[in-house]
Structures are given as C-alpha cells and as structure tokens.
Amino acid sequence: MLTRRLIESARYKEFKLDVERNRLSHAYLIIGDDTQVRATYKNLLAMTILCRANVCFNCPTCEKIIAHAHSDVKFFNDDGDMKVKDAETLIEDAYIRGLEGETKIYFVDNFDKFTRQEVPNKLLKIFEEPPEGVVIFLFATSENGVLTTIKSRAKKMLLPSFTTEEIKEYLIDIGTPEDQAEIASVLSGGRIDRGSKFAENEEYVVQYEKCFEVLTSVKKSSDIASVLNNKIFSREQISVTLEFFEIILRDVMCHVSKAKVPTMTLNKDYDIGRIAEGFTAGGVAMALIAVTDARRKLNVNVNPLSVAERMMFDILEAKYKWQ
Ligand SMILES: [Zn+2]
C-alpha cells in the first residue's frame, strides 16, 4: 500500500525519468528521515531498475527484491554499524559483473551516521572510479554528515514525504480505526514511521482529547492546580503531551495570525478557536517557548509535575502579558 503511494509521488517520478531516459547516475544521495518510507522505497527503486514489467511486484525479479533475496541488490548499514570489512566486501563485489541482471544495486543507509568514521573514506574509491553497471543509493537524514567529496559525486534527491491527510488515509487503508488514524497522523509530523507507531495505541486518542480539554479549561491561575493531576502530565505521558501541546499551539498561532496554511490538527477548528481566545500572536509564540522549555527540563530529569506546573503558568502568563 505504501509502495503504491510512493509510486504516485513527484519525487519518485523524478527518479523514474532517469531510468526511462537511460540516465541513471552512478550514485544517488537520498535525504529524508522516515525509516519506514526508506525501507519501502529501497525495494521500489530496485524494482524500477531491474523489473522488466514496469514494477509488477509479481515477476521473479520483483519477488526476490521484496524478499531481499536478489543477488544483485544488497543492503548495508541499516543499523549505522557498518564495519570496514563490510565496506571492503561492497567494493570487491561492485567490481564483479552482476549475476542476474545487468545492473547491480547497493543501498547504504544512515550515510550520515557511521559509528566507524573510516567507513565512508573507505567507500570513497567507488565514487571516484565508479564501476560499470553499478548504482549506489545512499540514504541520510541530512546532508550535513556526508563527506563533501561523496556529496559532489552523487545526485541528490529527497525521500518522498506525505501530508497529515495522506498519512491519515494510509493508516485507515491499513486498518487503523478512523479516530486513531487521525491522531496518529497529527502526531506523525509527516512521517509514516511515526504515524504507524502512534496508530498502534488507542490510548493516544484519549490523551489527545484531554490535551484539548486542559488547554480550553485553564483560564486563570487558580485553574491550574486542578489539571495537574491529569494523567497527561504523568511520567508516562508527559513527553507525548508536550508534542500534542506544540501541535495544538502551532495551529492556534495560524488561527490568531490568520495564516493560510494547512493545519496540523484535523477537524478541530472549533477547539482551536476556543483556545485562541485572548491570545495574540506574540503570546502564542511565548506559549510555544514554554513548551520547548518544558521539554528541555524533562530531558534533564526535572520532576514531570513541576515541569507541567511551570509550563501551564507560563502559557497563561503568555496569554495575559502579551496583549
Ligand atoms: Zn516485476
């Protein structure tokens, strides 16, 4: 299902043109952090190059690729722990002619996160003297950690990404109940791997609704004490609560500043409007800082309850001070 969606994406179509025009680059650097999309995309890229029936999913080639059993398609560094020995194996293998097809394909994941720094240097040879009939796909979350000499020899592309609405549709397609899919997609931040993780647990639905309740109900400082014992501020839940708060407050910001951008929450216009009452744009910006500050304190192990208390006071203060 995810593959079908990837096939429709503009970023994939851009790559497919290279194949159709016989202009495959020796190396591609694909930027994007979604681990689930990366895994599925690798199979799709390999099928696009090797399947003779336009990515049919059914021929022996496609079946072998999907099962990671194709002798000309190899995967490296999925865990970021690639060894020098693995790099040597890759290089040796790349200079031998392919067995099953004309093109040999190598995927090196986490190219910006090697535990062994000598590995990318070791691989450099293959980019400087690219063997015939070999395509190497490098995956990285950002270009920053990639050696400049390699960057300049690889064609850069972006990993396909999705809107909140598209992720919701995808989660419903794979059988997630609609309300759960909606919340998971909101929390996904545009990432299928995150969306899938949140879709597994129906408790997020309850937690999400409670976040709205708390933000609409606290109007003065004496209201704060009564919400602090809410489960959303417990040790187990508070970090996801902060993510929800941030998402909600960003939409409040769009509401207050009348920005015409797609909201991150779905079908919550009424609640967002209620939370926005009394807020100026400057006030919401301060409230967002209060959430960031809360996250920082949690990371250094400040007690969740005092983090929550401080944050709720700061949010209220942001509302009234910035009029
Ligand atoms: Zn096929």
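A few points about this structure:
- In a reduced charge model with +1 at each Lys and Arg Cβ and -1 at each Asp and Glu Cβ, segment 104-210 shows a dipole moment near 900 debye about its Cα centre.
- Listed residues Met1, Met47 arranged by accessible area, highest first, probe 1.4 Å: Met1, Met47
- Of Tyr12, Tyr95, the residue with the largest accessible area leads and the full order is Tyr95, Tyr12 (1.4 Å probe).
- Kirkwood Rh and Cα Rg combined as Rg/Rh, segment 147-211: 1.23
- With both labels modelled 7 Å from their Cα along Cα-to-Cβ, the Tyr270 to Glu200 distance reads 3.4 nm.
- Think of the chain as a dipole: +1 on every Lys or Arg Cβ, -1 on every Asp or Glu Cβ, centred on the Cα centre; then among Ala27, Gly175, Tyr204, Ala27 lies furthest on the positive end.
- Within straight-line cross-link reach of Lys83, lysines at Cα separation under 24 Å, skipping those fewer than 8 residues along the same chain: Lys42, Lys74, Lys104, Lys113, Lys122, Lys125, Lys151
- Rounded accessible area of Glu277 (nearest 10 Å², 1.4 Å probe): 110 Å²
- Accessible area in square angstrom per residue, the chain, 1.4 angstrom probe: 50 Å²
- Contact order, relative form, for the chain: 15 percent (alpha carbon pairs under 8 Å, 6 or more residues apart, mean separation divided by residue count).
- Computed magnitude of the charge dipole of segment 202-321 (debye, nearest 20; Cβ of K, R +1, Cβ of D, E -1): 380 debye
- Neighbours of Ala94 by Cβ distance under 13 Å: Lys/Arg scored +1, Asp/Glu scored -1, total -3.
- The charge dipole of the chain, taken about the Cα centre with unit charges on the Cβ atoms of Lys, Arg (+1) and Asp, Glu (-1), comes to about 780 debye, rounded to the nearest 20.
- Accessible heavy-atom area order of Asp86, Asp34, highest first, probe of 1.4 Å: Asp86, Asp34
- Taking 0.36 nm per residue of sequence separation and removing the Cα-Cα distance, the Phe313/Ser142 pair yields an extension gain of 57.9 nm.
- For segment 2-158, the alpha-carbon coordinates run over 40, 31, 28 Å along the three principal axes, in decreasing order.
- Amide H partners (placed H, <5 Å) of Leu138, local residues excluded: Tyr28, Leu29, Ile30, Val108
- Kirkwood Rh and Cα Rg combined as Rg over Rh, evaluated for the chain: 1.07
- Ratio of Rg to Rh for segment 235-323: 0.98 [Cα atoms; Kirkwood radius as inverse mean 1/r over pairs].
- Accessible surface of Thr89 - all protein chains present, 1.4 Å probe, nearest 10 Å²: 80 Å²
- Leading residue at positive end of dipole, segment 2-158 (Cβ point charges), from Thr3, Pro130, Val119: Thr3
- MRE, 222 nm, helices only [DSSP H, n ≥ 4, -39500 (n - 2.57), over the chain, to nearest 500]: -17000 deg cm²/dmol
- At least 20 Å along the helix axis (C-alpha) and Kyte average at least 0.5, DSSP helices within the chain: 238-256, 281-299
The values are calculated or read from the model by the stated rules, or taken from the named source; none is laboratory data. Bear in mind that the values here come from a model prediction, so they are computed numbers and not experimental data. Don't worry about glycine lacking a Cβ; one is built from the backbone with ideal geometry, like all the others, and counts go over all protein chains shown. Note: accessible area is taken over every heavy atom of the protein model, side chains too, but ligands, DNA and RNA are not part of it. Shrake-Rupley method; radii C 1.70, N 1.55, O 1.52, S 1.80 Å.
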